[in-house]
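Scroll down for the structure; my scribbles are underneath it.
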Amino acid sequence: MSKEQSLGIVQVTWLDATTYIAGWVNRSEAGEQKATVSQSVGFLLHEDASVVILCGSAQEGEDGPSFNEVMVIPRGCVQKIIALSYSDVLMGEGGG
């Protein structure tokens, strides 16, 4: 992938739906349940008013770049997006 096509790495904090399997609960107990705060790190493929799209892997092919582990997060669930540098995500020497 050329430098012009390189993808930024981001950390997205977002609210995910949660299902509780504790059995029967009353309205008060049900109303106390919360969405799960999730964090995902990946290459930012696309961002608009509706969605944030990340991928975990990217490669250059004969027909152009292709992507794997694509995740679409509804914009309304996104709490925060932080741009990361490669050193932020590397482990070991030079990592942050």
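Computed from the coordinates by the stated procedures, all read-outs in this text should not be read as laboratory data. Please read all numbers here as calculations on a predicted model, not as lab measurements. Here the Cβ is made from the backbone with ideal geometry for all residues, glycine too, and neighbour counts use every protein chain on show.
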* Counting only residues 5 or more places away or on other chains, whose amide H sits under 5 Å from the amide H of residue 52 once H atoms are built in the peptide plane? -> 73, 75
* Asked: Per residue Cα convex hull volume for region 3-89, in cubic angstrom?
  -> 137 Å³
* Asked: Under a point spin-label approximation (7 Å from Cα along Cα-to-Cβ), what is the residue 16-residue 71 distance to one decimal in nm?
  -> 0.7 nm
* Structure fact -> For region 3-89, whose charge dipole is built from +1 on Lys and Arg Cβ atoms and -1 on Asp and Glu Cβ atoms, the candidate among 54, 71, 36 with its Cα farthest towards the positive end is 36
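How big is the charge dipole of region 3-89 about its Cα centre, in debye rounded to the nearest 20, if each Lys and Arg gets +1 on its Cβ and each Asp and Glu gets -1 on its Cβ?
Details: 5 positive and 11 negative charges, 95 e Å.
Using only the charged Cβ atoms, the result is roughly 460 debye.
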* Asked: Using 1/(1 + (r/R0)^6) with R0 = 41 angstrom and r between the beta carbons of residue 35 and residue 62, what's the FRET efficiency to the nearest 0.05?
  -> 0.45
* Asked: Listed highest first by mean packing, meaning other Cβ atoms within 10 Å per residue, what order do 61-71, 16-26, 38-48 come in?
  -> 38-48, 61-71, 16-26
* Asked: Computed FRET efficiency, Cβ-Cβ of residue 81 and residue 28, R0 30 Å: what is it to the nearest 0.05?
  -> 0.30
